[in-house]
Every structure is written in structure tokens, then in C-alpha cells.
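Remarks on the structure that follows.
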Amino acid sequence: MLVLWVCLVLLEHVRTEPSVENIHMLAPEEHEFILNLGHTEIPTDCYELWQESGGNARDGLYLIKPADAPIAVYCAMHEGGWTVVQHITVNSSVDFHRTWDEYKRGFGSLTGNHWLGNGYLHQLTGGLARYKLGIKLVDKDGVTKMGEYDPVLVENEDAQYRLRLGLFRGTAADALTVDTENYLHDNQRFTTKDRDNDNYFQNCAKLEFQGVPGGGWWYDACAGANLNRRNVIYWQKDCNKEHLCKYAWMMVKPSDHVKLVYGGDCKKDEL
Ligand SMILES: [Ca+2]
């Protein structure tokens, strides 16, 4: 009986673990909380699940498949099926001062503070569907501000995960495409402590504020916004060292607009 039980447990692990590429972002006891575990069809993103549920799906962990391999993500379903790609709590115990490879594959806990991974950000936003980026900020008094960039594209690793953003709307400041702090984040490549792609003579990811480095980000020379510095969530006038924010989220979902793709193979018939 014990042998059978051990076999079943092993079988369960074989069935679920190797197939989920970012399983390192879940504690073993959290695996069973993946809400669509065992389903044969794995959706592209949280929005697809939200739509299929008629808008009734609950917040939580789900498997999605933005490219070839399934990954686990946290879905913010109550807010319309967003796929969460970053979450930070001020003074988070999760260290955001990580290497290029860690930012590529993701780190932290999907049910808490985390970075989903630049590779997955590219998979989600770089396909045929047009995506938008959502920003949610909550200050120390519980006041929430929101923002959206439509469209969003995170380019591939060869392009150093360069960020491409469209028009902004929302109640938060536009801290990524407007250079009111003399720093512009749109069109910048990603920088980590071990890969300096920024426009400053030193590495912006290593610059410390009260002993805490900036962490990976799409730095200019350096930042008008940075959601990956653990001790101060920074978003221009909305979140900074004078006006502390407690939480931030970055999320993606398909845009209401169609993606315009340049068709290099299309030939116009001569008339
Ligand atoms: Ca530099």
C-alpha cells in the first residue's frame, strides 16, 4: 500500500512539475492551488480564461501557455482578466536585485512579490495579438491609482528586452513615456546588475538609495519610475520617498485594438 502511495505521489509530481516551466516560483504546497490544473486545454493568457468563464473566474493561480511551454501565473480576474507580471510590496522580503538570467526566467513567489520573467513578457506581448500594460499603485493610505499603456511590446532577448509603449490613460501619472523627470523609459533596453544597457556612466541597477540598489529595470540615465526598488516604490509624483506607496502591480491583457503588423511578404498587385 505504501509503495502504491509513493508511486502515486511520484506520478503526480511527474505529471505536473516538469511541464510547468516556472514551477520554481511556487512553493510545493501551492501546486495544488493551480485552479485549472489537469485541464487539457491551456489558454494563452488569463484574459482567455476570464472570457471563457463569462467574467466569473476567480483570482488566483492558473496555467497559461503564451508560447510552447505552460507556465503558472497569478490572474487578476476581478479586474477583467489581467495576467500579473510583477508585484511588489514595499520592503518586500523578496530581493529584486537580481541577475539578467533571473529577470529573464522570473523570481519570487507568484502568490506574493515577484517578477514573472522578461522571457515570458516577450512571449505574451510579442505575438500576433496586441497587448496593453496595466499599472496599479496603492499608497500608504490605501488610495489606488491606475494606468494603462496601449499597446505594449517587450522585445526579445537579442534586443535586450527593449520596452515599446503606446498611449497612456489612467488616474496615475504617465511615468514611462513622458520625460517630466528628464528620464524616459519607453524604448529603453533592460538593465540588471550584471548587464548594463542604460544611458548612465555607471550601472543604474546598482545605484543605491538608503543601502538598497535599484534592481532590474528599463533605465534611462536613470529613472522617473522604478517599481523594482524594494525600499521605495517610485512612480513620479504618485509614489516616491515623500509619498510612500505600499503596493504595485504590473499586468498585461489583450488590447481592444488590433495589432498592426508590417507584412514584409505582402506584395501589392500592380494595377
Ligand atoms: Ca550605464
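Quick look at the values:
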read-out	value
Wholly within region 107-223, strands (runs of 3 or more DSSP E) carrying at least 1 residues that are buried (at least 17 other Cβ atoms within 10 Å of the Cβ) and touching a residue at least 60 places away in the same chain (Cβ under 8 Å)	131-139, 144-154
Qualifying residue in region 91-103 (condition: part of a strand (DSSP E or B) and surrounded by 17 or more Cβ atoms within 10 Å (Cβ to Cβ))	no
Qualifying residue in region 75-83 (condition: modelled with pLDDT of 95 or more and within 28 Å of Arg195 (Cα to Cα))	yes
Single match in Cys204, Cys222 (criterion: over 16 Å from the mean Cα position of the chain (by Cα), more than 8 Å from the ligand (Cβ to nearest atom), closer than 20 Å to Arg164 by Cα and not small (Gly, Ala, Ser))	Cys222
Checking Ala205 against (1) at pLDDT below 95; (2) touching a Gly at 6+ places or on another chain (Cβ under 6 Å), the condition it does not meet	(1)
Unique residue being within 16 Å of the ligand (Cβ to nearest atom) and within 26 Å of Pro151 (Cα to Cα) when the list is Gly215, Gly166	Gly215
Verdict on Phe209 being farther than 19 Å from Leu165 by Cβ and within 16 Å of the ligand (Cβ to nearest atom)	no
Within region 224-271, considering residues that are modelled with pLDDT under 95 and aliphatic (A, V, I, L, M), the one nearest to Leu49 (Cα to Cα)	Val258
Region 226-243: number of residues that are out of contact with any Leu (no Cβ under 6 Å at 6 or more places or on another chain) and not in a loop (DSSP other than H, G, I, E, B)	2
All positions within region 201-259 that are over 16 Å from Ser92 (Cα atoms) and β-branched (Val, Ile, Thr)	Val252, Val258
Residue match in region 67-75 (condition: crowded, with 16+ Cβ neighbours inside 10 Å, touching a Cys at 6+ places or on another chain (Cβ under 8 Å) and at positive phi)	no
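The values are calculated or read from the model by the stated rules, or taken from the named source; none is laboratory data. Keep in mind it's a predicted model, so treat the numbers as computed, not measured. Reconstructed Cβ throughout: ideal geometry from the backbone, glycine too, with neighbour counts over all protein chains shown.
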